[in-house]
Amino acid sequence: MDIMKIFADTAYVRMGGSNEELRCAEYLKEQCAAMGLEATIEGFPVQMANIEEATLVVDGKEITCKGYRNAGSHEVEAPLYYLSSTDPYALSKCRGKIVLIDGYLGYWMYRDILENGAVGFITYDGNVNYADCDIDQRELRAQVAEGVEKIPGVNINAKAAVELIKNNAAQAKIVLKQEEFTADSHNVILEMPGTRPETIVFTAHYDSTSLSQGAYDNMSGSVGLLGIAEYFTKHPHSYGLRFVWCGSEERGLLGAKAYCRDHEEALKDVVLNINLDMIGCVMGKLIACCTTEEKLVSYMEYFGLELGKSIRAYQDVYSSDSTPFADKGIPAVSFARLCPPNTATIHNSYDTMALMKQEHMEDDIAVICAFADRMANAVQLPVKRTMPDNMKDKLDIYLCRKRDKK
């Protein structure tokens with residue numbers, strides 16, 4: 001397997017539900033075929049939209065923006081309000097305003113501003129210290145807007161947001177027009193049967209965000225799955241192995257959620273999920289996030305020392321395709337090589353193969369293969385198929401079934 005060639009071949013934006021995402025799914029299937037393995041591509045429905053018009057005018061000046069997909073078509077003019085805090089008093093001032101929000105528009109934030117009477121919203125991304133003025137294409141996710149009203153939103157660059165507040169911007173107007181429809185995103189699935197009925201599922205997402213080639217996040221994990229599959233073509237395994245390259249992870253783990261929804265009966269035989277999300281970069285340290293009983297944390301640290309590798313293991317819910325499996329009660333461990341601040345960034349145009357290092361990719365894949373081999377050939381899998389109460393609580397918070405009291 002030529003790791004860097006795969007990065008070069010997939011150096012394009014692959015947003016969930018797009019033709020480019022399907023192109024990459026077919027490429028991954030071809031990579032499996034080159035190893036003598038037959039993968040299948042399985043579609044699942046996702047919300048899509050074509051933006052016809054998105055404008056933001058503040059105090060008579062047009063601000064470069066991108067409209068939120070799946071936020072409906074609207075025209076609204078109102079006072080601009082910067083929501084710099086989320087305490088009840090600050091939220092109460094949203095009524096009748098177009099609200100400028102710091103960070104992402106999450107589930108609870110959307111409901112908070114809606115409940116407090118906001119008529120539109122503005123988010124921003126990028127960095128005031130970067131030379132570019134890139135703007136991410138965002139969407140009002142189906143889960144976020146489920147069962148509530150849609151109000152218009154746009155995304156702008158951080159530099160523009162700072163200027164608005166610096167200049168005491170007072171009045172804003174959003175015009176948003178779009179065609180919304182349903183299309184397919186895709187999972188790529190490979191089965192490698194074992195000699196016993198239980199199955200270990202490996203996952204990684206292959207889609208990217210609107211500005212990103214997604215080399216680090218997460219073609220690296222997708223290449224890692226290919227490497228693990230290649231390893232097991234040459235080594236025995238008693239447990240069945242299933243590889244799922246997930247589509248639309250960046251849109252809210254949609255591929256993993258669709259797989260768990262559409263294959264619920266098959267999940268009864270799944271005993272472990274091993275997820276790869278961001279490995280092999282130039283800087284950083286290998287981590288293993290265990291959504292499992294706490295015993296696996298110690299096991300993982302000892303296992304790393306046995307190999308002469310440092311693995312920072314901890315118990316938590318990882319924001320990746322492992323989470324829908326954990327939510328079904330399947331123990332899940334996510335591997336990543338996490339970078340120090342300012343050495344690699346994701347979800348922007350800087351996530352390219354320049355962040356990747358061949359030797360680190362090979363090293364990370366080798367470590368994960370060694371762990372997978374232990375699990376796939378265990379006389380008795382040492383990881384209990386149970387989800388501790390503290391992890392159930394964190395899953396409820398992550399999946400917005402309850403609010404974090406913090």
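Work out the FRET efficiency for Ser298 and Ala366 from their Cβ-Cβ distance, taking R0 = 22 Å, and round it to the nearest 0.05.
Working: r = 22 Å, r/R0 = 0.99.
Taking R0 as 22 Å, the efficiency between Ser298 and Ala366 is 0.50.
If I model a spin label as a point 7 Å beyond the Cα along the Cα-Cβ vector, how far apart are those points for Asp59 and Arg95 in nm?
For the pair Asp59/Arg95, the computed spacing is 2.6 nm.
Measure off 7 Å from each Cα along the Cα-to-Cβ vector at Lys406 and Ala8, then give the distance between these two points in nanometres to one decimal.
4.4 nm
Please give the charge dipole size of the chain, origin at the Cα centre, charges +1 on K and R Cβ atoms and -1 on D and E Cβ atoms. Round to the nearest 20 debye.
1000 debye
Could you state the angle between the C-alpha long axis of helix 358-376 and the longest principal axis of the C-alpha atoms of the chain, as a value from 0 to 90 degrees rounded to the nearest 10?
For 358-376 against the chain, the angle is about 60 degrees.
Counting heavy atoms of the protein chains only and a 1.4 Å probe, report the per residue accessible area for the chain as a whole number of Å².
43 Å²
Over 21 Å between Cα atoms, which of Lys66/Lys150; Lys29/Lys328; Lys234/Lys285; Lys328/Lys384; Lys61/Lys166; Lys257/Lys328 qualify?
Exceeds cut-off: Lys29/Lys328; Lys234/Lys285.
Give me a comma-separated list of calculated 3J(HN,Hα) values for the stretch 235-248, in order, Karplus coefficients 6.51, -1.76, 1.60 applied at θ = phi - 60°, integers in Hz, x for any Gly or Pro.
9, x, 8, 7, 6, x, 10, 10, 10, 10, 8, 8, x, 6
Separation of the stretch 178-227 and the stretch 1-42 by C-alpha centroid, Å?
Each part's Cα centre sits 9 Å from the other's.
HN-Hα J couplings of the stretch 46-52 from phi, Karplus 6.51/-1.76/1.60, θ = phi - 60°, integer Hz, Gly and Pro as x?
So the J values, rounded to whole Hz, are 9, 6, 10, 7, 10, 6, 8.
Is it possible to state the helix-based mean residue ellipticity at 222 nm for the chain, with each DSSP H run of 4+ residues giving -39500 (n - 2.57), the sum divided by total residues, to the nearest 500 deg cm²/dmol? What is it? Mind showing how you got there, number by number?
Details: 12 runs with 120 residues, N = 406.
So the calculated ellipticity at 222 nm is -8500 deg cm²/dmol.
Decide, for the stretch 47-148, between rounded, prolate and oblate: order the square roots of the alpha carbon gyration tensor eigenvalues as a ≥ b ≥ c, take rounded if a/c falls under 1.5, and otherwise choose prolate if a/b is larger than b/c, else oblate.
rounded
Note the full-extension length gain between Ser310 and Glu30 as 0.36 nm times their separation in residues minus their Cα-Cα distance, in nm to one decimal.
97.4 nm
Might you work out the accessible area of Ile189 for me, using a 1.4 Å probe with all protein chains in place, and round it to the nearest 10 Å²?
Accessible surface of Ile189 is approximately 20 Å².
So between Glu265 and Thr233, what do we pick up on full extension, going 0.36 nm a residue minus the alpha carbon distance?
That pair, Glu265 and Thr233, stretches by 8.8 nm at full extension.
Against the 2.2 N^0.38 Å scaling, with N counting residues, where does the chain land? I'd like the Cα-based Rg ratio to two decimal places. Walk me through the numbers on the way to the answer.
Values: Rg = 22.1 Å, N = 406, 2.2 N^0.38 = 21.6 Å.
Expressed relative to 2.2 N^0.38 Å, the Cα Rg reads 1.02.
Would you kindly derive the ³J(HN,Hα) couplings of the stretch 178-191 from the backbone phi angles with the Karplus curve 6.51 cos²θ - 1.76 cosθ + 1.60 (θ = phi - 60°), listing them in order in whole Hz, with x for Gly and Pro?
The phi angles translate into 7, 9, 9, 7, 10, 9, 10, 9, 9, 9, 10, 10, 10, 9 Hz.
Calculate what fraction, in whole %, of the accessible area of the chain sits on carbon and sulfur atoms when a 1.4 Å probe is rolled over the protein chains.
Working: 8670 of 17410 Å².
Answer for the chain is 50 percent, counting heavy atoms of protein chains only.
Kindly report, to the nearest 10 Å², the accessible surface of His347 as traced by a 1.4 Å probe over protein heavy atoms only.
60 Å²
Please find the FRET efficiency linking Asp102 to Arg374, where r is the Cβ-Cβ separation and R0 is fixed at 41 Å, and quote it to the nearest 0.05.
Details: r = 44 Å, r/R0 = 1.07.
With R0 = 41 Å, the Cβ-Cβ based efficiency is 0.40.
Of Gly17, Ile6, Leu56, which is farthest along the charge dipole of the stretch 1-154 in the positive direction, counting Lys and Arg as +1 and Asp and Glu as -1 at C-beta?
It is Leu56, whose Cα lies furthest towards the positive end.
Using the charge dipole of the chain (Lys, Arg: +1 at Cβ; Asp, Glu: -1 at Cβ; taken about the Cα centre), state which of Thr203, Tyr107, Tyr239 has its Cα farthest towards the positive end.
The residue sitting farthest along the positive end of the dipole is Tyr107.
Cα axis of helix 295-307 to longest principal axis of the chain: angle in degrees, 0 to 90, nearest 10?
Its long axis makes an angle of about 60 degrees.
Straight-line reach from Lys97: which aspartates and glutamates have a Cα under 19 Å away, not including same-chain ones fewer than 8 places off?
The reachable aspartates and glutamates, counting only those whose Cα sits under 19 Å from Lys97, are Asp59, Glu62, Glu75, Glu77, Asp87, Asp112, Glu115, Glu149, Glu163.
For the stretch 285-382, compute the orientation-averaged projected area of the C-alpha convex hull (one quarter of its surface), in nm².
Reported value for the Cα convex hull: 7.2 nm².
Taking amide hydrogens as modeled 1.01 Å from N in the peptide plane, which residues meet the under 5 Å criterion relative to Gln315, leaving out close sequence neighbours?
Answer set, sorted by chain and number: Cys290.
Leaving ligands and nucleic acids out of the surface, order Asp321, Asp9, Asp125 by accessible area at 1.4 Å, largest first.
Ranked from most to least accessible, the order is Asp9, Asp125, Asp321.
The values are calculated or read from the model by the stated rules, or taken from the named source; none is laboratory data. Everything numeric in this text was worked out from a predicted model, so none of it was measured. Here the Cβ is made from the backbone with ideal geometry for all residues, glycine too, and neighbour counts use every protein chain on show. Side chains are part of the model used for accessible areas, which takes the heavy atoms of the whole protein and leaves out ligands, DNA and RNA. Shrake-Rupley method; radii C 1.70, N 1.55, O 1.52, S 1.80 Å.
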